[in-house]
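Worksheet: the structure to be examined is printed underneath.
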Amino acid sequence: VLSLLCLQASEGVTFIGPDTHAIQAMGDKIESKLLAKNAKVNTIPGFDGVVKDADEAVRIAREIGYPVMIKASAGGGGKGMRIAWDDEETREGFRFSSQEAASSFGDDRLLIEKFIDNPRHIEIQILADKHGNALWLNERECSIQRRNQKVVEEAPSTFLDPETRRAMGEQAVALAKAVKYSSAGTVEFLVDSSKNFYFLEMNTRLQVEHPVTECITGLDLVQEMIRVAKGYPLRHKQADIPINGWAVECRVYAEDPYKSFGLPSIGKLSQYQEPLHVPSVRVDSGIQQGSDISIYYDPMISKLITYGSNRAEALKRMEEALDNYVIRGVSHNISLLREVIIHPRFVQGDISTKFLPEVYPDGFKG
């Protein structure tokens, strides 16, 4: 991405997305946290510098107070992350996270912060132009995860009240303006049981789960990104952004859900039929019947989205869509997705990032 951005001046190419400064600043967890603090965004208590060695990691962890999260500064996708509950786990976590960070990102720098137990993962979609205008487009609840990777997302969240939503939105916009952000982006937060929220990271791109935001706001985020790249100002004011109805997205993976809630599966899609005949269903996919699912790419088959006038309707349509999705030739996670969306705890909105291991302590059996 950064190489493409360098072409802009020399070749007259316009990159659809934020500039190099925003991508670099928000791509580094240490720098982004410092920027967030300066922008008056709530941040998780922790050490903002680079942790030099295991001894320093233990000293910092004791000062913060256990449990702590050890994480790669350049990380993402759940890689280079370890939770430590004592000194021994901190030393071990430092070693493994450093190794994983170096191999995955070519950058072994780590930071340590307070681990928020049983949090919700709620993120704010933002949209900004090149004229200093920025909007927050409500939230997405992304708490159903395995190995720190999202599985089910929805918009809006059952948990947020209007005051908390506004506070999170305003802080997300403040951060975007602090880095002169333009285009669509997402500011991710951890939210505790008392609705205290803490900045996690900013994703300087279009998110996998962006369709649920499009469903409830009526905005086409890709179109807006193209308009911003062309230099047009935003067409909307904050008061124009609605929450109309409810949307749910399930990430359909070529995975075996009975192994660690999803280990990749490979093979040829001998039969493939998307449930597009079900009302208010959207399927974003890049494969078709006969496609090969290989080890070289993310095992996601598609994003399955349903929309309803309320959450119950959106979930009922998701249940029907999952029941009518035909996938043969590879293992897939339809059975897990279906059980999650009808589970009483999920239906009641009683969820956190620990939902899967708490509901299925011995693993998913189907």
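Listing for the model above:
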{"item": "Lone qualifier among LYS303, LYS365 - being open to solvent by 60 Å² or more (accessible area, probe 1.4 Å) and of a type in the set (Lys, Arg)", "result": "LYS365"}
{"item": "Residue satisfying condition, being touching a residue at least 24 places away in the same chain (Cβ under 8 Å) and either in contact with an Asp or Glu (Cβ under 9 Å, 6 or more places away or on another chain) or of a type in the set (Asp, Glu) (or both), within set ASP107, ASP86", "result": "ASP107"}
{"item": "In the range 63-97, residue surrounded by the fewest Cβ atoms within 10 Å (Cβ to Cβ) [restricted to those that are of a type in the set (Ser, Thr, Tyr) and modelled with pLDDT of 90 or more]", "result": "TYR66"}
{"item": "Where SER331 falls short, out of the listed (1) surrounded by fewer than 19 Cβ atoms within 10 Å (Cβ to Cβ); (2) assigned to a loop (DSSP other than H, G, I, E, B)", "result": "(1)"}
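Quick grid of which residues meet (1) within 30 Å of SER331 (Cβ to Cβ); (2) in contact (Cβ under 8 Å) with a residue 40 or more places away in the chain; (3) aliphatic (A, V, I, L, M); (4) surrounded by fewer than 18 Cβ atoms within 10 Å (Cβ to Cβ):
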site	(1), (2), (3), (4)
SER194	no, no, no, yes
LEU200	no, yes, yes, no
THR204	no, yes, no, no
PRO211	yes, yes, no, no
ILE216	no, yes, yes, no
ARG235	no, no, no, yes
ALA254	yes, yes, yes, no
TYR258	yes, yes, no, yes
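For (1) more than 30 Å from LYS130 (Cβ to Cβ); (2) modelled with pLDDT of 95 or more; (3) open to solvent by less than 30 Å² (accessible area, probe 1.4 Å), each residue gets a yes or a no:
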site: GLN238; (1), (2), (3): no, yes, no
site: ILE287; (1), (2), (3): yes, no, no
site: LEU315; (1), (2), (3): yes, yes, yes
site: ASP323; (1), (2), (3): yes, yes, no
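The values are calculated or read from the model by the stated rules, or taken from the named source; none is laboratory data. Quick caveat: nothing in here was measured; it's all calculated off a predicted structure. All Cβ positions, even for glycine, are placed from backbone atoms using ideal geometry, and neighbour counts span all protein chains on display. Surface areas here come from the heavy atoms of the whole protein model, side chains and all, with no ligands, DNA or RNA. Shrake-Rupley method; radii C 1.70, N 1.55, O 1.52, S 1.80 Å.
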